[in-house]
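Peer 1: Can you keep this structure in mind? I'll have questions shortly.
Please treat every number below as a calculation from the coordinates, not as lab data. Predicted, not measured: the structure shown is a model, and the values here were computed from it. All Cβ positions, even for glycine, are placed from backbone atoms using ideal geometry, and neighbour counts span all protein chains on display.
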């Protein structure tokens, strides 16, 4: 499990770097979005699809020790990322054109949660497919 903790730490650092990098690019005007509502709607739709399929997959799959290990290790990161992505995308649309700095902050937060969600899904699948009943090679 030490390797998984390293992967989770690396995922958190990469997510923070991507979120901070997107914020810097938006705040300095390097990336200029004409209508950020389209982007936030797409991100919210992605989060809803991932949450829906994650819940359906967990409800229909046979409950096993491997599934518990995988979900407790990395699946919660994927669900946290998808939930945070949905909430931050909602705040992008809520803030609208009122405050550009808050909109940039919530867009950067959306990319942080998008990276966290994608990495959490990757780690979940990695743990679930690499661990066996008697030994765990992760």
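Peer 1: Given the options 91, 20, 53, which has the most mean-square fluctuation in a GNM of the chain, springs set between C-alpha atoms less than 10 angstrom apart?
Peer 2: Checking each option, the largest mean-square fluctuation is seen for 53.
Peer 1: With r as the distance between the Cβ atoms of residue 100 and residue 25 and R0 = 22 Å, compute the FRET efficiency 1/(1 + (r/R0)^6) and round to 0.05.
Peer 2: Numbers: r = 14 Å, r/R0 = 0.63.
Efficiency at R0 = 22 Å is approximately 0.95.
Peer 1: A further question follows. Of the residues 110, 73, 99, which exhibits the maximal mean-square fluctuation in a Gaussian network model of the chain defined by a 10 Å Cα contact cut-off?
Peer 2: 99
Peer 1: Still on this structure: Using only Cα atoms and rounding to the nearest 10 degrees, what angle (0 to 90) does helix 100-130 make with the longest principal axis of the chain?
Peer 2: 10
Peer 1: Using only the Cα atoms of the chain, what are the Rg and Dmax in Å?
Peer 2: Rg, Dmax (Cα atoms, Å): 16.8, 56.
Peer 1: Let me have the 222 nm mean residue ellipticity of the chain computed from DSSP H runs of 4+ only, each contributing -39500 (n - 2.57), with the sum over all residues rounded to the nearest 500. Walk me through the intermediate numbers first.
Peer 2: Numbers: 5 runs with 108 residues, N = 138.
The helix-only estimate for the chain comes to -27000 deg cm²/dmol at 222 nm.
Peer 1: Going by alpha carbons, how many degrees (0 to 90, nearest 10) lie between the helix axis of 2-27 and the longest principal axis of the chain?
Peer 2: Taking the Cα atoms of the chain, the angle to 2-27 is about 10 degrees.
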